[in-house]
Amino acid sequence: MAPEEVKRLSELIHKRLFEHPWFVNSNTIFVYVSTGNEVKTAEIIEKALNDGKTVCVPRVIPHVKMEAVPIDGLDDLQTGFFNIMEPKPDLLPLSENKIDLVIVPGLLFDMHGFRVGYGGGYYDRFLAMIPSDCRTLGLAFDFQVVDELPAEDHDIKIMAVITDKRVIVF
């Protein structure tokens, strides 16, 4: 996709997200830091911070786990694992129990709530640790949603996907 198209479609997704009650009513969100042609998240991070929410982003401890680290702004990020921006090392993680909304990336999502990520399993392990009342949703361009994906026992379903054309709740 051309950068202009990524930006345009991301803005449509942001509008749907910002109006969604899960986002509106959340206090502490965990959101990925976008890279490449993913749905852009810098605007989501800035809006959530401006709304007074606690915003956590992922820090990957290679081959171990992913942790949620609160940030005060995009200046708190530096290049990390997989060359993705992540919190600076002096910032401390927050307990997963404090998070009430998790926004996950994915290459593909299906109509059952399963996703295909980047193969590290970090999100599935992270999602297995969050409280049962925490909402989970993916952001995707509509062409990234398919009828069905192969799923394995360790795959964790998400609760909804927001695309540039629709909101799908599972």
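Residues in segment 47-62 that are over 14 Å from the mean Cα position of the chain (by Cα) and under 23 Å from Val24 (Cβ atoms) were compared, and the one that is least open to solvent (accessible area, probe 1.4 Å) is Lys53. Of the strands (runs of 3 or more DSSP E) lying entirely inside segment 110-170, none contains at least 2 residues that are among the β-branched types (Val, Ile, Thr), open to solvent by less than 30 Å² (accessible area, probe 1.4 Å) and touching a helix residue (DSSP H, G or I) at 6+ places or on another chain (Cβ under 7 Å).
Quick check on segment 63-76. Is at least one of its residues in contact with an Asp or Glu (Cβ under 7 Å, 6 or more places away or on another chain) and either touching a residue at least 60 places away in the same chain (Cβ under 8 Å) or surrounded by fewer than 16 Cβ atoms within 10 Å (Cβ to Cβ) (or both)? No, that holds for no residue.
Mind counting the residues in segment 1-24 that are at pLDDT 95 or above and either crowded, with 18+ Cβ neighbours inside 10 Å or in contact with a helix residue (DSSP H, G or I) (Cβ under 9 Å, 6 or more places away or on another chain) (or both)? The qualifying residues number 11.
The values are calculated or read from the model by the stated rules, or taken from the named source; none is laboratory data. Quick caveat, the model's predicted, so the values are computed rather than measured. Neighbour counts run over all protein chains shown; Cβ positions are idealised from the backbone, glycine included. The area values use the complete protein model at the heavy-atom level, side chains included, leaving out ligands, DNA and RNA. Shrake-Rupley method; radii C 1.70, N 1.55, O 1.52, S 1.80 Å.
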